[in-house]
Amino acid sequence: MSLIQVNDLYKIYQMGNTEVRALDGVSVTIEQNEYVSIMGPSGSGKSTLMNLLGCLDTPTSGEFFMDGINVATMGDDELAHIRNKKIGFVFQTFNLLPKSTSLRNVELPLIYNGEIKAHERRDMAIKALTRVNLGDRVSHKPNELSGGQRQRVAVARALVNNPAIILADEPTGNLDSKTGEEIMVLFDELHKQGNTIILVTHEEHIAAHASRVVRLLDGKIAVDEATNRGKK
């Protein structure tokens, strides 16, 4: 069973009298432990596809199975549950709480799970921070960290629930090239450890870290191929 199975997915917006097909019949399969990059110019549909894969939105029509569960027809509460259990998000802007420590920021997704006790949350958060080499920064707030360290905190937060998928949206967009490469090396390591990673980017050198690239154009998949890394 594939981790993600998308069949004939459409997302249609009505802009006045104009029908905009943000996604126009997209079908794609992603297996467990794949490392996939989604690329495309502005307006290609990559952000729409990312929102659907992240269960942040629902399609107009089509099927979307995650771990064999059809999430295309789920309501908001059900989608929120799937997001919290199965998806770890990493955003371009980090999205950290500015007045909270690294530890508290990483604990945040666990707070919504009533089955996890406070001391367990702390242990899981420390473990996630240690995994991204920030075990010595648990008490630091975002303004006490570099941009790269802030993004590592965001990655730790994405990992803390042991999600099925890490979904990264332009994760190096706010970083200088050296720091961005360090974050991509971290993603490479996470992939080697068994994580499934879906990376949304417009930069070719960032996409090259993935083993497969899916290119969108006008709401359709124009290219779906292995990268040089995937061909090895």
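Numbers below:
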quantity	calculated
Of all residues in the stretch 36-60 being part of a strand (DSSP E or B) and not polar (S, T, N, Q), the one that is nearest to Asn195 (Cα to Cα)	Val36
Residue under evaluation Thr73, criteria (1) crowded, with 17+ Cβ neighbours inside 10 Å; (2) over 27 Å from Ile183 (Cα atoms), criterion not met	(1)
Entirely in the stretch 61-156, the helices (runs of 4 or more DSSP H) that have 2 or more residues that are touching a residue at least 40 places away in the same chain (Cβ under 8 Å) and either out of contact with any Gly (no Cβ under 7 Å at 6 or more places or on another chain) or under 25 Å from Asn33 (Cβ atoms) (or both)	76-86, 102-111
Out of Gly25, Gly45, sole residue that is in contact with an Asp or Glu (Cβ under 9 Å, 6 or more places away or on another chain), at positive phi and surrounded by 21 or more Cβ atoms within 10 Å (Cβ to Cβ)	Gly45
Residues of the stretch 157-175 classified as over 20 Å from Glu204 (Cα atoms) and in contact (Cβ under 8 Å) with a residue 12 or more places away in the chain, total	8
Candidates Val106, Val160, Val153, Val138, filtered to the one that is in contact with a helix residue (DSSP H, G or I) (Cβ under 7 Å, 6 or more places away or on another chain) and surrounded by fewer than 20 Cβ atoms within 10 Å (Cβ to Cβ)	Val138
Pick from the stretch 166-178, criterion under 13 Å from the mean Cα position of the chain (by Cα) and surrounded by fewer than 23 Cβ atoms within 10 Å (Cβ to Cβ), ranking: nearest to Glu120 (Cα to Cα)	Ile166
Exclusive hit being out of contact with any Lys or Arg (no Cβ under 9 Å at 6 or more places or on another chain) and among the hydrophobic types (A, V, I, L, M, F, W, C), set Leu167, Leu110, Leu97	Leu167
Qualifying residue in the stretch 135-143 (condition: within 14 Å of the chain's Cα centre (by Cα) and either at pLDDT 95 or above or among the hydrophobic types (A, V, I, L, M, F, W, C) (or both))	no
Subset of the stretch 176-225 [among the charged types (D, E, K, R), touching a residue at least 60 places away in the same chain (Cβ under 8 Å) and assigned to a strand (DSSP E or B)]	Arg212, Arg215, Lys220, Asp224
Filtered residues of the stretch 8-28 (kept if touching a residue at least 12 places away in the same chain (Cβ under 8 Å) and over 21 Å from Arg83 (Cβ atoms))	Asp8, Tyr10, Ile12, Arg21, Asp24, Gly25, Ser27
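The values are calculated or read from the model by the stated rules, or taken from the named source; none is laboratory data. No experiment lies behind these values; they were computed from the predicted model shown. Heads up, the Cβs are rebuilt from the backbone with ideal geometry, glycines too, and the neighbour counts pull from every protein chain shown.
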